[in-house]
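Structure first, commentary second.
The values are calculated or read from the model by the stated rules, or taken from the named source; none is laboratory data. Not measured: the values here are computed from a predicted model. Reconstructed Cβ throughout: ideal geometry from the backbone, glycine too, with neighbour counts over all protein chains shown.
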Amino acid sequence: MKKAVSSLWKGELARTGSLIFLASLSANLILFFANLFISEILGAEQFGIFKTVEYLFAFLPVLIELGINVSLVKYIAQFKSRNKEKVGYLIKWFLKLKVFSYSILIAFILIFREQIALFFLKDISLSYLVLAGTLLAAMTFFIVFQFIVLGFHKFKLFALSQFLTLSISGFLGALLSHLGIFYIIVGWSFGYLIGNLFNLKFFFKERIIKKSREFDVSKIFLKFSLPMYFIGITTSLVAITVPILSLFFSRELIGYFSFAFIFYLATLLIPGSISSVVFPKVSELNGFKRYKDAKNILRKAFSLYSFVALIGIILVFLISDWLFNSFFESYLPSLLMFKILVIFGLIFGFNIIYTNYLQGLGKVKRFALLILLQNILLFVISFALLKIM
């Protein structure tokens, strides 16, 4: 076991992945406990409304992302050494496209806010929450600057931004939770802006878009961005699970499910941490065509995670009832969902690691297909669980 761990964490790329992982893990833990706190303040029905709005308006920008973020990472990194003048124009071109697409999305939400409230929240009087959701969707725009600094290989800045965005969203949401859902979402929204202030400082200090030379970015958009956009949607479908389920079940049931669902997402942090090391190491080995070594990395990752998953499943059976009866009594009806979702989350962890291995080998289509199948299976399981409640 020690050999598997030390082997995975050797090398500069692995250390970079570890830095990003630590930032993401610590921020997600803060977010997890913030969700627990908010769930206790709101109660099941109100928590279901909150999570429906939060997940829905965090997902909608994915529909108009158009592969811009991943394109910025790839082509900034590609151009920054030999074609520095192209970087500024590339960023300017994609930022204009992003502003345009966000403008359409926000206008659409505002025009149909009552229909959205009726459709997802089953109450037209809650359309004021759609306004808070609009702010959340708008603030996700600033995430683009994380990908700009990542393209410049500013890994520490990227890790810091990830940590601040998630942790501040959770902190502000929890801080304002006594004021109601509207203010929780507003506070949550500002995490996206505050978390990217250092990225904005870097962006304007370097005067990136002023140093530019015009070239045909549309070819990159058509040949790379759009194909990656459709792949990106398949990997983001997990975020729409709660809003889709809200179409079929009561707000109270959605609240119970949302509570169990945050534990499901928490289980994915463990394989995600391993994947943050597997992906860059496999990518490096793939570049040297050392496929056997890459497969050996996968084997060691599976070996390490198998131990974690086994312990996790045993703990689910041993302490779940005690945990809910002692700390989460108001969410006791979600106990069965908690057990099943956490167990499936631990099992899905193998798929998370394997798909990151595939991504490192450049097998992006297979990566997207397996993630899509995982998300479809998650929805089927979730629907069945709610149906028997």
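Residues in the stretch 91-128 that are among the hydrophobic types (A, V, I, L, M, F, W, C) and within 20 Å of residue 46 (Cα to Cα): 116, 117, 118, 119, 120, 121, 124, 126. Within the stretch 244-276, the residues that satisfy the criterion of being farther than 23 Å from residue 346 by Cβ and of a type in the set (A, V, I, L, M, F, W, C) are 244, 247, 248, 249, 253, 254. Among the residues of the stretch 11-41, those that are modelled with pLDDT under 55 and out of contact with any helix residue (DSSP H, G or I) (no Cβ under 6 Å at 6 or more places or on another chain) comprise 11, 12.
Conditions tested, residue by residue: (1) crowded, with 17+ Cβ neighbours inside 10 Å; (2) over 18 Å from residue 136 (Cβ atoms); (3) in contact with a His (Cβ under 6 Å, 6 or more places away or on another chain); (4) at pLDDT below 95.
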position: 43; (1), (2), (3), (4): no, yes, no, yes
position: 70; (1), (2), (3), (4): yes, yes, no, yes
position: 80; (1), (2), (3), (4): no, yes, no, yes
position: 95; (1), (2), (3), (4): yes, yes, no, yes
position: 103; (1), (2), (3), (4): no, no, no, no
position: 106; (1), (2), (3), (4): yes, no, no, no
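For residue 215, the conditions (1) in contact with a helix residue (DSSP H, G or I) (Cβ under 6 Å, 6 or more places away or on another chain); (2) part of a helix (DSSP H, G or I) all hold with the exception of (2).
Restricting 222, 176 to residues that are in the same structural domain as residue 101 (by TED's automatic domain parsing) and in contact with a helix residue (DSSP H, G or I) (Cβ under 8 Å, 6 or more places away or on another chain) narrows the list to 176.
Comparison of 110, 36, 63, 56 shows that the only residue that is outside the structural domain of residue 230 (by TED's automatic domain parsing) and either within 30 Å of residue 178 (Cβ to Cβ) or within 15 Å of the chain's Cα centre (by Cα) (or both) is 36.
Residue by residue, here is whether (1) part of a loop (DSSP other than H, G, I, E, B); (2) charged (D, E, K, R); (3) touching a residue at least 60 places away in the same chain (Cβ under 8 Å); (4) touching an Asp or Glu at 6+ places or on another chain (Cβ under 6 Å) holds:
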{"site": "221", "(1), (2), (3), (4)": "no, no, yes, no"}
{"site": "248", "(1), (2), (3), (4)": "yes, no, yes, no"}
{"site": "262", "(1), (2), (3), (4)": "no, no, yes, no"}
{"site": "275", "(1), (2), (3), (4)": "no, no, yes, no"}
{"site": "278", "(1), (2), (3), (4)": "no, no, yes, no"}
{"site": "300", "(1), (2), (3), (4)": "no, yes, yes, no"}
{"site": "306", "(1), (2), (3), (4)": "no, no, no, no"}
{"site": "310", "(1), (2), (3), (4)": "no, no, no, no"}
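Looking at 98, 156, just one residue is within 30 Å of residue 49 (Cβ to Cβ) and among the basic types (Lys, Arg), and that residue is 98.
Considering every residue within the stretch 58-68, establish whether at least one is within 24 Å of residue 126 (Cβ to Cβ) and either touching an Asp or Glu at 6+ places or on another chain (Cβ under 6 Å) or modelled with pLDDT under 90 (or both). Looking for residues that are within 24 Å of residue 126 (Cβ to Cβ) and either touching an Asp or Glu at 6+ places or on another chain (Cβ under 6 Å) or modelled with pLDDT under 90 (or both), one finds none in the stretch 58-68, hence no. Listed conditions (1) over 23 Å from residue 90 (Cβ atoms); (2) within 19 Å of the chain's Cα centre (by Cα); (3) modelled with pLDDT of 90 or more are all met by residue 159, apart from (3).
Say whether the condition of being of a type in the set (Asp, Glu), within 30 Å of residue 42 (Cα to Cα) and more than 20 Å from the chain's Cα centre (by Cα) is met by at least one residue in the stretch 247-257.
Yes, some residue in the stretch 247-257 is of a type in the set (Asp, Glu), within 30 Å of residue 42 (Cα to Cα) and more than 20 Å from the chain's Cα centre (by Cα).
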